[in-house]
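First up is the structure itself, then whatever we jot down about it.
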Amino acid sequence: MSPESMTLFSPQLAARFDGLVEKYPVRRSALVPMLLYAQDEVGYLSDAVIDEVAQRIGITPLDVRNVATYYSMLRFRPVGKFNVQVCTNISCMLRGAYDLYERFQEELGIGQKGVTADGVFSLEEVECIGACCWGPAIQINYDFIDELTPEHVPGILIAYRGKAKTEGTVPHA
Amino acid sequence: MPRLVSHPDEVKIVTSRFGKGAAAIDRYIELGGYESAKKAVEQGSEWIINELKASNLRGRGGAGFPTGLKWSFVPKQAEKPKYVLVNGDESEPGTCKDHLIFLHDPHSVIEGTIIAGLAIGAKTGFIYLRGEYRYLLEIVEKAVADAYAKGFLGKNIFGSESEFQIITQTGAGAYEVGEESALMESLEGKRGVPRIKPPFPAVVGLYGGPTIINNAETIATVPHVIAMGAEAYAAVGTPRNGGTRLFCLSGHVERPGVYELPMGYNLKKMIYEVGGGVRGGRKLKAVVPGGSSTPVLLPEEIENLGMDFDQVGKAGSMLGSGGVVVIDDQTCIVEFALRTISFYQHESCGWCIPCREGTDWLKKSLTRFHAGFGVAKDIDNIQYLAENMMGRTFCPLGDAAAMPTLGFVKKFRKEFEDHLNGQPCPFAKHVELALI
């Protein structure tokens, strides 16, 4: 595949993928990172993304799909530009994660895996994110925000809404 | 940003460079970094393995297998390339120590990986981080690039004949991938389902080559063992449990945080002195000693409990991954059990039926039970289900779901009974914030 003409991805990502498949003892080892990085850029794993990744690795799209469906961070539908992931696992739960999650639902007017009408936010209750000692904690895309109370929620949303305004609302642009 | 904490009882070995800017390679070197790798290059494989054996360092991932012994299982001659695989898929609820290691001291992981490679005769090491740890992966990738630039990685490392490369890898959200054989599957670009053992990874592992898989904390400890000497390291801990451990104190505790304490440190003291006691002056109801997979302990069981693999094992639980979750007396244990099992139900890879179906039925039963629609027989059914999952799956996830469930039902049967006959949960709808 000639990267300039055929790829769905930005030239930088296409070049990165060219390197990634050569990095491991077998090409296939690049599959999981490639899917995640593609998702970071495109927003989700569309059929076209899956097809191109399959072609780059040299396996079938079905095989890619079989692997992709295993990993909980990989998704097949667009989400908001900022995906709010609230951990409610035990350590965070004990410190009020459910109240925090409820407050996000109220403020955003969406439920589990919902997306706001303007496409800025989506919301997800997630399993342990590895911030147990600083709970309750959330991740917005890859940013960790910890030691939260429900009162922090409006301020967080204002800050990210501001970011969306300056950066545009295209998911993961 | 994760807050660093400190307590006078801490023995800072693995955490000694935390908060000192050691993610920068020059600073790491200034603080004594890469001296252990140089020594390991000079001394060679046998010496390294003997040091590790003498240090009584045991695997920090949860099982507590002696590290030196694990390394000695790798055959000297092998047809296929050998590999070192560092498990940074930290996902056990209650555990966030590797998070801090990657953030503050990524070079200790790189140095430990080099030493492990020299010990088993591998030329390639992989450092696998969970997908959520993207910012940490970037820190580790930068550190790896810096180590190449200094000649610590690549051909002729430290000016020797040896070569060693490190490849970093991201996951994409899967607890199960923290199991060593599932980790290898994931790294090979497959679904993270476990492999049948034997053969063990030390003989047939990644890409079919002999592989050692160690937790990130174990690997980060290795340079310190070499630097301070095996005997000095072993002397910090208790018999057969060398050194320190990064305990992640979380939940209803006044001062949560990651504390590095000697192996065998008293659990009660850890909660009340190091952690400042139960939050809001409440009473202790229970404590999960080593991550969500480990059976819960009652206050009377922790009185004289030293936190090492053997003592916690004798007390009927496990030291596990070092995640100490403190639960106060206003917490509903049924809800806590439900949240725990919901996690395992979500994370079961579905490969083994007892785990796939067992976790699902346990979640259904506990959901109904907590909602007030349970019947007396459900309590026995929950126990029966959990007992029948134990030891019947290829990997430990089935056990990890069953063990804590059995603990909750056996130790808090009265609280389960209090949920019967349409009675509402005696505690709040959700676990309340402590009144401060």
Residues to consider are B:274, B:324; find the one that is aliphatic (A, V, I, L, M), in contact with a Pro (Cβ under 7 Å, 6 or more places away or on another chain) and either more than 12 Å from chain A (Cβ to nearest Cβ) or within 21 Å of residue B:7 (Cβ to Cβ) (or both).
B:324
Scan of the range B:67-104 for residues that are within 14 Å of another protein chain (Cβ to nearest Cβ), aromatic (Phe, Trp, Tyr) and either in a strand (DSSP E or B) or over 21 Å from residue B:246 (Cβ atoms) (or both), ordered by number:
B:83
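Listed here are the residues, each with its yes/no results for (1) on the phi > 0 side of the Ramachandran plot; (2) within 13 Å of another protein chain (Cβ to nearest Cβ); (3) among the hydroxyl-bearing types (Ser, Thr, Tyr).
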residue	(1), (2), (3)
B:212	no, no, no
B:216	no, yes, no
B:226	no, no, no
B:231	no, no, no
B:240	yes, no, no
B:248	no, yes, no
B:256	no, yes, no
B:259	no, yes, yes
B:283	no, no, no
Quick one: would you say residue B:22 is crowded, with 22+ Cβ neighbours inside 10 Å and in contact with a helix residue (DSSP H, G or I) (Cβ under 8 Å, 6 or more places away or on another chain)?
yes
Regarding residue B:64, is this residue assigned by TED's automatic domain parsing to the domain that holds residue B:142, small (Gly, Ala, Ser) and not in a loop (DSSP other than H, G, I, E, B)?
no
Filter result for residue B:122 (at pLDDT 95 or above and away from every other protein chain (no Cβ under 14 Å)):
no
Out of A:42, A:53, A:26, A:32, which single residue is under 26 Å from residue B:208 (Cβ atoms) and either more than 10 Å from every other protein chain (Cβ to nearest Cβ) or touching a His at 6+ places or on another chain (Cβ under 7 Å) (or both)?
A:53
Any chance the range B:135-151 includes a residue that's in contact with a Pro (Cβ under 6 Å, 6 or more places away or on another chain), within 14 Å of chain A (Cβ to nearest Cβ) and surrounded by fewer than 24 Cβ atoms within 10 Å (Cβ to Cβ)?
yes
Listing of helices (runs of 4 or more DSSP H) fully contained in the range A:88-173 that carry 1 or more residues being surrounded by fewer than 20 Cβ atoms within 10 Å (Cβ to Cβ) and within 13 Å of chain B (Cβ to nearest Cβ)
A:97-108
May I ask you to list the residues in the range A:64-78 that are more than 9 Å from every other protein chain (Cβ to nearest Cβ) and either in a helix (DSSP H, G or I) or closer than 19 Å to residue A:7 by Cβ (or both)?
A:64, A:65
I'd like the full set of residues that are without any contact (Cβ under 8 Å) to a residue 60 or more places away in the chain and over 14 Å from residue B:329 (Cβ atoms), limited to the range B:270-287.
B:270, B:272, B:275, B:276
Please go through the range A:10-23 and give me each residue that is within 14 Å of chain B (Cβ to nearest Cβ) and aliphatic (A, V, I, L, M), ordered by number.
A:20, A:21
Looking only at residues in the range B:179-201 that are more than 14 Å from chain A (Cβ to nearest Cβ) and farther than 26 Å from residue B:107 by Cβ, which one is nearest to the chain's Cα centre (by Cα)?
B:181
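Here is a yes/no grid of residues against (1) away from chain A (no Cβ under 13 Å); (2) outside any helix (DSSP H, G or I); (3) at pLDDT 95 or above; (4) crowded, with 24+ Cβ neighbours inside 10 Å:
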{"site": "B:340", "(1), (2), (3), (4)": "no, no, yes, yes"}
{"site": "B:346", "(1), (2), (3), (4)": "no, no, yes, no"}
{"site": "B:355", "(1), (2), (3), (4)": "yes, no, yes, yes"}
{"site": "B:364", "(1), (2), (3), (4)": "yes, no, no, no"}
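The values are calculated or read from the model by the stated rules, or taken from the named source; none is laboratory data. Being a predicted model, the structure only gives us computed values, none of them experimental. FYI the Cβ positions are ideal-geometry reconstructions off the backbone, even for glycines, and counts take in every protein chain you see.
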